[in-house]
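The values are calculated or read from the model by the stated rules, or taken from the named source; none is laboratory data. Just so you know, these numbers come straight off a predicted model, no measurement behind them. Ideal geometry is used to build each Cβ from the backbone, glycine not excepted, and the neighbour counts take in all protein chains shown. Surface accessibility is based on the protein's heavy atoms, side chains included, excluding ligands, DNA and RNA. Shrake-Rupley method; radii C 1.70, N 1.55, O 1.52, S 1.80 Å.
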Amino acid sequence: MFNVEDIRKDFPILSRQVNGKPLVYFDNAATSQTPQQVIDVIVDYYSNYNANIHRGVHTLSQEATDKYEQARHAIQKHFNAKFAHEIIFTSGTTHSINLVANGFSSILKKGDEIIVSALEHHSNIVPWQMLCERTGAVLKVIPMNQDGELIMSEYDTLLSNKTKLVFVNHVSNALGTINPIEYIIEKAHQVAAAVLIDGAQSCPHIKPDVQALDVDFYVASGHKMCGPTGVGMLYGKESWLKKLPPYQGGGEMIAEVTFEKTTYAELPHKFEAGTPNICGGIAFGAAINYMNAIGFDTIASYEHELLEYATNKLLEIDGLKIYGTSQHKTSVISFNLENIHPYDVGSILDKMGIAVRTGHHCAQPIMDYFKIPGTVRASFSFYNTKAEIDSLVAAVKKAKMMLA
Ligand SMILES: *Cc1c(COP(=O)(O)O)cnc(C)c1O
């Protein structure tokens, strides 16, 4: 049985005060908090077996290597990848996307087309623009509607035999929309295009099955799913990872080096040059195990309850508008108060101990679409409560009074 008060005991940060008030942490879509179970793993690593991996014959190095590879297996199992070597450790979603974009530099030709969506995070726009500059490929954009949903009939017309790649986020960080990625993948494959799904925002709420999805690449960040910053993953189908050239050169990613020629190591090492974030990788595995122990169905249904509760309560406030009104959403609410700048609302909420994000959320094109400078974004996690949402609603009312 899910008991949020028990869960909250796992997160030491949730009992701190901010500006003399109990912390209400609603910035989970930017980074999630870390449970004691994961903090313990980090402390244990540096206290007991900190060593470089893969190269050492000594005990500490072997212990660190074993734990790091166990974490890779935990991630493989979580995403249901066919092979552990299809899981590449990276520093996060941004790194994972750049790795793939770089790899496609040698595959794309002038006139080839890449499709992205109007709902993308900057980290899923800029690398593709850079790729287009390098290759002469053309970027096409799937437009969205007023609810913040991608228009699939427009997607259908963009697809052609020129389409080589499609890149879409599973869930929009700015609006919380869950995109129909099954459809997007199936349609792309009909024209033999590869698909990369940015799972940074979905993975805290949804457990994706990369084989069932038949997706070519799927990427995520550890810090948005109860793990530490500076670590993330790239899932790639074995056939694609074999085809793509390495991203960075260095130690660990080679089979043999002479000054005449270097041959590259097997997967996954081909893409893991240099000393990785060893502790981070191990802690990422621990975070995934922690979330699975609670269960993603349990997490999703509790968070949906929070979303509905908060949506109804906030809409009772006169002049409050919610952006992103799809039926298919994760627990993210982007909103504005009429004629009040989101930054001002965020500052007042902070004074009351409530952490939200304000601004364009690294998704400027979405803000341009709605013709607004930004929004206030409250994003809920499974360790949040309805009582905290009541505090938010009261604080927004107060902010409205002070700023109107
Ligand atoms: C956070 C986020 C990213 C970037 O993740 P990093 O961990 O900062 O690399 C990319 N896409 C989406 C949808 C995100 O929410």
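Laid out as a table, the results:
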read-out: Cβ-Cβ under 7 Å pairs, at least 6 apart or on other chains, segment 51-65 side free of Cβ contacts under 8 Å to residues at least 60 places away in the same chain, far side of a type in the set (F, W, Y) and assigned to a helix (DSSP H, G or I); value: L60/Y49; E63/Y49
read-out: Residues of segment 123-136 classified as open to solvent by less than 50 Å² (accessible area, probe 1.4 Å) and assigned to a helix (DSSP H, G or I), total; value: 7
read-out: Subset tally (residues that are over 16 Å from N179 (Cβ atoms), open to solvent by less than 50 Å² (accessible area, probe 1.4 Å) and charged (D, E, K, R)) for segment 324-378; value: 1
read-out: Filter result (open to solvent by 10 Å² or more (accessible area, probe 1.4 Å) and in a loop (DSSP other than H, G, I, E, B)) within segment 174-199; value: P180, V191, A192
read-out: Yes/no for T325 being among the β-branched types (V, I, T) and without any contact (Cβ under 8 Å) to a residue 40 or more places away in the chain; value: no
read-out: Residue that is nearest to the chain's Cα centre (by Cα) [pool: residues in segment 153-168 that are of a type in the set (S, T, Y) and surrounded by 15 or more Cβ atoms within 10 Å (Cβ to Cβ)]; value: Y155
read-out: Test: residue in segment 220-232 that is out of contact with any helix residue (DSSP H, G or I) (no Cβ under 7 Å at 6 or more places or on another chain), away from the ligand (no atom under 16 Å from the Cβ) and either among the aliphatic types (A, V, I, L, M) or part of a helix (DSSP H, G or I) (or both); value: no
read-out: Any hit, segment 137-145, residues being under 22 Å from the mean Cα position of the chain (by Cα) and part of a loop (DSSP other than H, G, I, E, B); value: yes
read-out: Complete set of residues in segment 277-305 that are surrounded by fewer than 20 Cβ atoms within 10 Å (Cβ to Cβ) and either under 18 Å from Y235 (Cβ atoms) or basic (K, R) (or both); value: N289, N292, F296
read-out: Segment 264-276, subset of a type outside the set (A, V, I, L, M) and more than 14 Å from R55 (Cβ to Cβ), residue surrounded by the most Cβ atoms within 10 Å (Cβ to Cβ); value: F271
read-out: Test: residue in segment 379-394 that is touching a His at 6+ places or on another chain (Cβ under 8 Å), buried (at least 23 other Cβ atoms within 10 Å of the Cβ) and not charged (D, E, K, R); value: no
read-out: Close pairs from segment 95-116: first in contact (Cβ under 8 Å) with a residue 12 or more places away in the chain and assigned by TED's automatic domain parsing to the domain that holds T135, partner assigned to a loop (DSSP other than H, G, I, E, B) and among the basic types (K, R), Cβ under 9 Å, at least 6 apart; value: G111/K162; D112/K162; E113/K162
read-out: Residues satisfying the stated conditions in segment 50-108, i.e. assigned to a helix (DSSP H, G or I) and within 16 Å of the ligand (Cβ to nearest atom); value: I75, T93, T94, H95, S96, I97, N98, L99, V100, A101, N102
read-out: D214, sole failed condition from (1) free of Cβ contacts under 8 Å to residues at least 60 places away in the same chain; (2) under 20 Å from I97 (Cβ atoms); (3) open to solvent by less than 50 Å² (accessible area, probe 1.4 Å); value: (3)
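Table: residues versus (1) free of Cβ contacts under 8 Å to residues at least 12 places away in the same chain; (2) within 15 Å of the ligand (Cβ to nearest atom); (3) crowded, with 22+ Cβ neighbours inside 10 Å; (4) more than 28 Å from K109 (Cβ to Cβ).
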{"position": "I151", "(1), (2), (3), (4)": "yes, no, no, yes"}
{"position": "H170", "(1), (2), (3), (4)": "no, yes, yes, yes"}
{"position": "L234", "(1), (2), (3), (4)": "no, yes, yes, no"}
{"position": "K237", "(1), (2), (3), (4)": "no, no, no, no"}
{"position": "L241", "(1), (2), (3), (4)": "no, no, yes, no"}
{"position": "G250", "(1), (2), (3), (4)": "no, no, no, yes"}
{"position": "E256", "(1), (2), (3), (4)": "yes, no, no, yes"}
{"position": "T262", "(1), (2), (3), (4)": "no, no, no, no"}
